[in-house]
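The next block holds one structure in the form of C-alpha cells; read it before the comments.
Derivation of every value follows stated rules applied to the coordinates shown; laboratory data play no part. Small disclaimer: the values here were computed from a predicted structure and weren't measured. When we count neighbours, we look across all protein chains shown, and the Cβ atoms used for this are built from the backbone with ideal geometry, even at glycine.
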Amino acid sequence: MTSTPHPFVARLPVGERIPLPENAMNGWDVFPFEGEFQVRVLEPPVLPEPPRHGEDGPDTCRRCQNPERNVIWGDEHWVVTHVGDPSGLPLLVMLHPRGHHDLLDLPAARSAELGPLMQRIERAILSLGGIARVHVNRWGDGGAHLHIWFIARPEGMLQLRGACLAIWDDVLPKAPVEEWQANLAHVAQALAADGGTAYA
Ligand SMILES: [Zn+2]
C-alpha cells in the first residue's frame, strides 16, 4: 500500500476539467446516450485506497457470508450466480470460486478449471438462442472475491456491440420476471448437463 501517487497519477490534471477529446466515446454509434457531454473534473487520488469488500478475508466478504445467495448452478469448487433482479439484456451471470480467492491467489487446480468452465458458461448462454456474443469481464473493484461477469448481447442489436454493453443493460427496459427466470433455469440446466447441480 502506498500513500504517494505514482508518477502516472501525479501528472494527471486533478481538479481541472479535461476538454472532451475529438472522437470521444460519446460520438461512437454504440454509445447509449446523446446530447451535450463534458468530462467530469478529476478528483484527487485516495491513497492508500479503502479496502474492497472481503479484502481482509472471508469474514468481511459478502459472497463468503452468503454462499448460496443468487446461486443458479454450482459444483464442489465453483458457483454461477444471477444479479438479483431482471436485467435489460437477456442474461447477466457471474462465476465465483467457492473458496475465498481472487485471480492472483487462485489455487493452481482452480486456475486449470477456469478456462474450460468459462467455455461451458459461454456455450450454456449461447444455447438460449438469439445471443450473438457473450462478453466476459473481470472488474473486481468492488469485491475481493473473484467474480467474472458473463453478459449476453442479443443477436442483431449491433448498437449494443462492444464496451458499452454493460451500460446498455442499465438503460434497456427490464425483462419480465418469468422470462428472466426461464433464461436462468435454461442456463443452469445446460451447465448441469456437464456436471454440478442446477438450482434455478
Ligand atoms: Zn469470499
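Database note for the chain: Cys without another Cys beta carbon under 4.7 angstrom, Cys164. 3J(HN,Hα) along the range 109-116: 5, 6, 4, 5, 7, 4, x, x Hz, from the Karplus curve 6.51 cos²θ - 1.76 cosθ + 1.60 with θ = phi - 60°, whole Hz, x for Gly and Pro. Between Val177, Val79, Val41, the Gaussian network model of the chain with springs among Cα atoms under 10 angstrom shows the greatest mean-square fluctuation at Val41. Computed on the range 70-200, with alpha-carbon pairs under 8 angstrom and 6+ residues apart, the relative contact order is 36 percent. Adding -39500 (n - 2.57) for every DSSP H run of four residues or longer, then dividing by how many residues the chain holds, sets the calculated 222 nm ellipticity at -7500 deg cm²/dmol.
For the chain, a Kirkwood radius taken over Cα pairs fed into Stokes-Einstein (20 °C, viscosity 1.002 mPa s) yields D = 112 µm²/s.
Pop the C-beta distance of Thr197 and Gln119 into the FRET formula with R0 = 30 Å and round what comes out to the nearest 0.05. All intermediate terms of the calculation are to be shown ahead of the outcome.
On the way: r = 19 Å, r/R0 = 0.65.
Between Thr197 and Gln119 the formula returns 0.95.
The label-point distance for Thr60 and Asp29, in a model that sets each label 7 Å from Cα toward Cβ, rounds to 4.7 nm.
Counting every pair of alpha carbons in the range 1-50, the share spaced more than 17 Å apart comes to 52 percent.
Both radii come from the Cα set of the range 97-176: Rg as radius of gyration, Rh as Kirkwood radius; their ratio Rg/Rh reads 1.02.
Within the listed set Gln119, Gln38, Gln189, the residue fluctuating most in the Gaussian network model of the chain (springs between alpha-carbon atoms under 10 angstrom) is Gln38.
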